[in-house]
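Read the structure below first, then the notes.
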Amino acid sequence: MTEYHDPQLAQQIRALDPLRADELLADLPKLNRAGDRAALAMTLTLLVDNGLAQPARSLPEANAAMRDLGMVLSSVRRHGDEPVEAVPRLEALLLDLADRTGLVPRDMILHYTVWNPTGDRERTFTGDPMERALIESVRLVGDDLEAAIRRCDRILAAPSLEAVPPLLLDELAADLQCMVDSMDMVIDEVRPEFFFTDIRPYLDPVLVEGKSYYGAAAAQMPIWLIDQALWAADDGHAEYRDFAASMLPYALPHWVGHYRDWTAKPSISGRIRTALAPYGTDDPPPHLERIAKAHTGVLRTLLTFRGRHMGITKRAYAGAPNMSGSGGGSVALLQEIIELTRAHARLTAPTRASAPS
Ligand code: HEM
């Protein structure tokens, strides 16, 4: 499904309103504030009937329809009802949209953020400026992460490390800076407690054909795929591998393709370790040293994101440190991922002085 590569796709999906949901969704925060289960079920019924009467014709239409159904079905779930029990006709529509999009029969993080319109038409559960900031903080990383994926692919496609310009790794670090900027935006504009009490409850799993599907979790953004290229492909850490595998159902088709392809190859970190090994404590040749330094820079950027993200997460989940995150992970898993990233940065640092502490 090559259409997901189309740089215009997000723009197209944002502009569309195939279920004629604009006005109904403008009222969603009010219904959620009131906890009005009957009105939420009625809104869902109206959208489902519009969707069944006029099936989506294109990939952007199908994704815009899934986005809008997702806002309402997640609201229905948050107030205690299973959406397909509340509106049984919903199930067939979700399954049809899953077929047309090649994605799960539920909305994902891209629907809620990158494919969510901006301005007056922005879909929110609460209407709160902190929710809008959270949506924007993920929306703004979409393009840069796609660029990062393309750069990882170029690096891994090179016949050897000698053929990799170090600049490519510097550019990869610059792509990933978006994650640090995103955390800074969340730190400035969102109280972590607000996420936990006011947003997290809308992201609970729902059942479709008896199978459980997570809500729009930021963990679904393809950092797990970048990790795969950088260090995870040959790391063998079982818990991390299971976490990344659990993200695959919520991935775009080309992300899954890259994941499978990269899993069969040594990671960038693995290649650098192999190349550095013969030099022991001696200085490696300049090109290799430059590559190793640039790779450390990439992992440092990820560590900066992860350190700031951990600070926010610990505060958000302070009252329930063992509770599962919206993507099915945990605060303990995040700590584990930080340690793995740091370990790989140390293993490939060309000199002790350049290794992150
Ligand atoms: C208040 C804000 C946030 C909280 C409380 C939070 C919490 C969490 C939790 C508990 C996890 C564990 C996995 C799971 O979801 O089950 C997680 C993972 C993750 N989150 Fe967040 N998150 C927040 C905001 C964000 C934002 C804005 C982004 C991206 C722009 C993001 C990106 C990620 C990523 C990529 C992971 C996977 C783990 C990793 O790569 O280190 N998060 N988050």
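Values quoted throughout were computed directly from the atomic coordinates according to the rules given, and no laboratory measurement underlies them. From a predicted model like this one, the values you see are computed outputs, not experimental measurements. Every residue, glycine among them, receives a Cβ derived from its backbone with ideal geometry; neighbour counts consider all protein chains shown.
Using DSSP to define loop residues, name the GluC sites (Glu not before Pro) in segment 162-212 whose beta-carbon has at most 16 other beta-carbon atoms within 10 Å.
On the way: sites: Glu162, Glu171, Glu189, Glu193, Glu209; in loops: Glu209.
Counting only loop positions with at most 16 other Cβ atoms within 10 Å, the GluC sites (Glu not before Pro) in segment 162-212 are Glu209.
When only alpha carbons are used to place a centre, segment 278-306 and segment 139-186 end up 15 Å from one another. Which shape class applies to segment 129-176: rounded if a/c is under 1.5, otherwise prolate when a/b exceeds b/c and oblate if not, where a ≥ b ≥ c are the square roots of the Cα gyration tensor eigenvalues? Because a/c hits 1.5 or more and a/b exceeds b/c, segment 129-176 counts as prolate. In order along segment 81-87, the phi-based Karplus estimate (6.51 cos²θ - 1.76 cosθ + 1.60, θ = phi - 60°) of 3J(HN,Hα) comes to 10, 6, x, 6, 7, 5, 9 Hz; Gly and Pro are listed as x.
Taking packing as the residue-averaged number of other Cβ atoms within 10 angstrom, the listed peptides 108-121, 54-67 run from highest to lowest as 54-67, 108-121. Assign one of three labels to segment 137-271, namely rounded, prolate or oblate, based on the Cα gyration tensor with a ≥ b ≥ c the square roots of its eigenvalues; rounded applies when a/c is under 1.5, prolate when it is not and a/b is larger than b/c, and oblate otherwise. It is oblate, given that a/c is not under 1.5 and a/b is not larger than b/c.
Close amide H partners of Val208, meaning residues 5 or more places away or on another chain with modelled amide H under 5 Å apart, are Tyr213. Helical content of the chain, expressed as a calculated mean residue ellipticity at 222 nm, amounts to -18500 deg cm²/dmol (DSSP H runs of 4 or more residues, -39,500 (n - 2.57) each, divided by residue number, nearest 500). Note that segment 89-103 has calculated 3J(HN,Hα) couplings of 5, 4, 4, 4, 5, 4, 5, 5, 5, 4, 4, 6, 9, x, 10 Hz, one per residue in order, obtained from phi through the Karplus relation 6.51 cos²θ - 1.76 cosθ + 1.60 (θ = phi - 60°); glycine and proline are x.
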